[in-house]
Amino acid sequence: MSAVRRPRARIAEAEALLDDGAVADAVPILREIVAREPRNARAHLLLARAAIAAREPTHARNLLKIADACARGSERTEVMLWRAWLHLRQGLAAQALGEFEAVLERRNSGIDASIVASALLGTARIYRARNEYEEAFARLEEAVRLAPRNRSLQATYAEALAQRGASTQALIAIKAAIGNGCVDPEVLAQVGVVMHRLGRRVEAERLLRLSLQLHPLPSTANSLGVLLYDLGRREEAAQVFKETLAKHPGDPIARHMAAALAAAEAPTRASDAYVKATFDNFAPTFDQQLVEKLDYRGPEIVGEAIAALIPSPGGTLDVLDIGCGTGLCGPILRPYARRLVGIDLSGAMIEKARARGHYDELLVAEITEYLSGHRASWDLAVAADVVVYFGALETLFAEASAALRPGGRFVFTVERSETETGWRLDTTGRYQHSEPYLRKTAEAAGFTIAFVDPVVTRKEYGKAVESYVVALERP
């Protein structure tokens, strides 16, 4: 009897190690079991789970096939669960959602609550990626009730709570996620980012560094770089981004921030990938962070500039909100607009803007490409805190000029450069521009200049961000 029980006990031991994130410790135990019992479906399933955690998709897929061939009863449902997680890890969200939902359809057939909770977590992550935050949160709450000891679930729940401003509840979830010996690098990294958001920077740094020791992922390194920058340790931040870029040359955040902080040659504009990644991550807390904490005044400043140009809104203009973000400019622009369209690279931001209800159309689009496809289409184009992600402005200004009708206006904000050299990439990752460069480039694009006025668009690290509001007219 003891010989029968021992593999089960060893499997339970391996599963507990996987629950804590100790993949390297669990795998030898499982391989030992498989060597003795080649058709042990449970052992193959757990090895597949370990391979998914280790980012070995081909190995995981093969292990799941073996497990499926050997599985019985609820084991088949668990094969489906981990196949869904493999699909999600590979970016196949639609396939993953279908399999997660198929697992949930079997929830009343006696499958373990932990399986249901894991499927709910998977669907919640997909819904969050689709910006369906309320549905995602409802699923997280249900999952937490079913499996309160699931570390990955608690970490995701903590992130969602922090985004909703429920700091105390988020800290409780964090304790559940990382207490009692968690060595899961993904959980530690996720909680580190949440701690940063909650202002617990010392703990955030410790968790991010521990995660990097266990599994050096570029996303974790970038999170550490951003944290170090916020702590004022810019040389250390620059080194982190530089090292990350050396290991992962295609990483958009590392590439952009390494150039910003390490005095490397700056790109002429922020890459689409950098902007999308930055603002997709920022979308859930954008308004709270920017408006409430940084005293952001971009939309208000743009509104005042438009009012100076067009004293009486008549609702007759075709208006384009370039880089509309969460739609903060929407209520300001609506009185002027017969038709109001917003574009942004971030789908998450677009969904936030859609919820405000001010726009006739909202599109995920790259700015210059969209402008080039809409010649002489607009009477007014605005860009609040958007041109700061462009260095060289020649192409942007030329496309904006061509997209406006005669008499059309282009109103935007930029951060001010004290140099006379044109533009520079600041350590914030945003670009700054000099007034002579703005005037010269605007005139070359065929604009006349209504005004270039100094303003303060926000505060950052306790200091005013010196900027310009610029109004250009197309003759």
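The numbers here are math on the coordinates, done by the rules we state, and not lab data. Because the structure is predicted, anything quoted here is derived from the model rather than measured. Note: ideal-geometry Cβ built from the backbone for every residue, glycine included; neighbour counts use all protein chains shown.
Helical runs assigned H by DSSP (4 residues or longer) give the chain a calculated mean residue ellipticity at 222 nm of -18000 deg cm²/dmol, each run adding -39500 (n - 2.57) before division by the residue total.
Report the charge-dipole magnitude of the chain in Debye, nearest 20, computed about the Cα centre from +1 at each Lys and Arg Cβ and -1 at each Asp and Glu Cβ. All intermediate terms of the calculation are to be shown ahead of the outcome.
Values: 59 positive and 60 negative charges, 332 e Å.
For this selection, approximately 1600 debye.
Quick one: helix 2-20 against the long Cα principal axis of the chain, what's the angle to the nearest 10°, folded into 0 to 90? The angle comes out at about 10 degrees. Please work out the Cα center distance from segment 342-421 to segment 142-209, rounded to the nearest Å. Centre-to-centre (Cα) distance: 37 Å. Overall shape: rounded for segment 281-473, with the ratio a/c of the largest to smallest alpha carbon gyration tensor axis below 1.5. Take 336-344, 363-371 and order them by the average number of nearby Cβ atoms within 10 Å per residue, most first; the result is 336-344, 363-371. Extension gain, residue 285 to residue 234, is 15.9 nm, computed as 0.36 nm per intervening residue step minus the present C-alpha separation.
Net charge near residue 126, counting Lys/Arg +1 and Asp/Glu -1 over other residues with Cβ under 13 Å of its Cβ? Provide the component values of the computation, followed by the final result.
Working: positive: 89, 125, 128, 130, 139; negative: 99, 101, 132, 135.
Net of charged neighbours comes to +1.
A dipole drawn for the chain from +1 and -1 charges on Cβ atoms has a positive end, and of 136, 373, 442 the residue lying farthest that way is 136. Counting only residues at least eight positions apart within a chain, or on another chain, the lysines with an alpha carbon under 16 Å from that of residue 463 are 293.
Between residue 418 and residue 247, the C-beta separation translates, for a Förster distance of 35 Å, into a calculated FRET efficiency of about 0.50. For the pair residue 93 and residue 308, a Förster radius of 60 Å applied to the C-beta separation gives a FRET efficiency near 0.85, rounded to the nearest 0.05. Hey, what angle do you get for helix 151-163 against the long axis of the chain, alpha-carbon based, 0 to 90 degrees rounded to 10? Approximately 20 degrees, to the nearest ten.
Report, to the nearest 10°, how far helix 252-261 tilts away from the longest principal axis of the Cα atoms in the chain, using its own Cα long axis and a range of 0 to 90°. The helix 252-261 is inclined about 60 degrees to the chain. For a modelled paramagnetic label at residue 12, 7 Å from Cα along Cα-to-Cβ, the residues of segment 151-165 in reach, with backbone nitrogen under 20 Å, are 151.
Given the Cα-Cα distance of residue 135 and residue 366 and 0.36 nm per residue of separation, how much length would full extension add, in nm? If you can, show how the numbers build up before the last one.
On the way: separation 231, 0.36 × 231 = 83.16 nm, distance 2.87 nm.
Result: 80.3 nm gained on full extension.
Classify the chain: rounded, prolate or oblate, from the alpha-carbon gyration tensor (a ≥ b ≥ c, eigenvalue square roots; a/c under 1.5 rounded; otherwise prolate if a/b is larger than b/c)? Prolate.
Only Cα pairs under 8 Å and 6+ residues apart enter the sum, and on that basis the relative contact order of the chain stands at 8 percent. With contacts taken as Cα pairs under 8 Å at a separation of at least 6 residues, segment 281-473 carries a relative contact order of 19 percent.
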